[in-house]
Amino acid sequence: MASASSDGAGTGHAMGFGGRAPPSEEDAAMEPAEGEVPLLGPSTGDDPDIPVLKMGETLRLETMGPIIINHDGTTKTIDNWSKMTPAEQETTQRVIAARNKKRIAALEKEAAERGEEL
């Protein structure tokens, strides 16, 4: 059985994979658990292509097209939205808005019957 080796600097830390010392307890606590996505740091706000929103503001994503509410409450977008003519987009938007309104009402009713809030 091999023993842990010293880092050579006299600190007594065991060397990890690739010759690196293991992370400190503080660093290890900040790392995501296995299977979790790490949190991103705060944005600098320097990129003009990335919109910045303040609490309560809305953002229109015209290039994605309307958001479709499915029967189970999940959402999706229209894959070929950018290939539709403006007339097709207008008609599709109107139909989806009406259908979404009905689906949201049905989902809210189901949630109320179960004693839940959406």
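What the table shows:
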| read-out | value |
| --- | --- |
| When residues of the range 74-83 are limited to those that are without any contact (Cβ under 8 Å) to a residue 12 or more places away in the chain and closer than 13 Å to Thr63 by Cα, the one least open to solvent (accessible area, probe 1.4 Å) | Asn80 |
| Residues of the range 84-105 satisfying the condition of being among the basic types (Lys, Arg) and open to solvent by 50 Å² or more (accessible area, probe 1.4 Å) | Arg94, Arg99, Lys101, Lys102 |
| Enumeration of residues in the range 36-73 that are surrounded by 10 or more Cβ atoms within 10 Å (Cβ to Cβ) and in contact (Cβ under 8 Å) with a residue 12 or more places away in the chain | Met64, Gly65, Pro66, Ile67, Ile68, Ile69, Asn70, Gly73 |
| Any chance Glu88 is more than 12 Å from Gly65 (Cβ to Cβ) and without any contact (Cβ under 8 Å) to a residue 12 or more places away in the chain | no |
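Yes/no matrix, rows are residues, columns are (1) within 19 Å of the chain's Cα centre (by Cα); (2) on the phi < 0 side of the Ramachandran plot; (3) not hydroxyl-bearing (Ser, Thr, Tyr):
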site: Pro48; (1), (2), (3): no, yes, yes
site: Pro51; (1), (2), (3): yes, yes, yes
site: Thr58; (1), (2), (3): yes, yes, no
site: Thr75; (1), (2), (3): yes, yes, no
site: Pro86; (1), (2), (3): no, yes, yes
site: Gln89; (1), (2), (3): no, yes, yes
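The values are calculated or read from the model by the stated rules, or taken from the named source; none is laboratory data. These numbers were taken from a predicted model, which means no experiment stands behind them. Cβ coordinates were reconstructed from backbone atoms using ideal geometry, including for glycine residues, and neighbour counts include every protein chain displayed. Heavy atoms of the whole protein, side chains included, go into the accessibility calculation; ligands, DNA and RNA do not. Shrake-Rupley method; radii C 1.70, N 1.55, O 1.52, S 1.80 Å.
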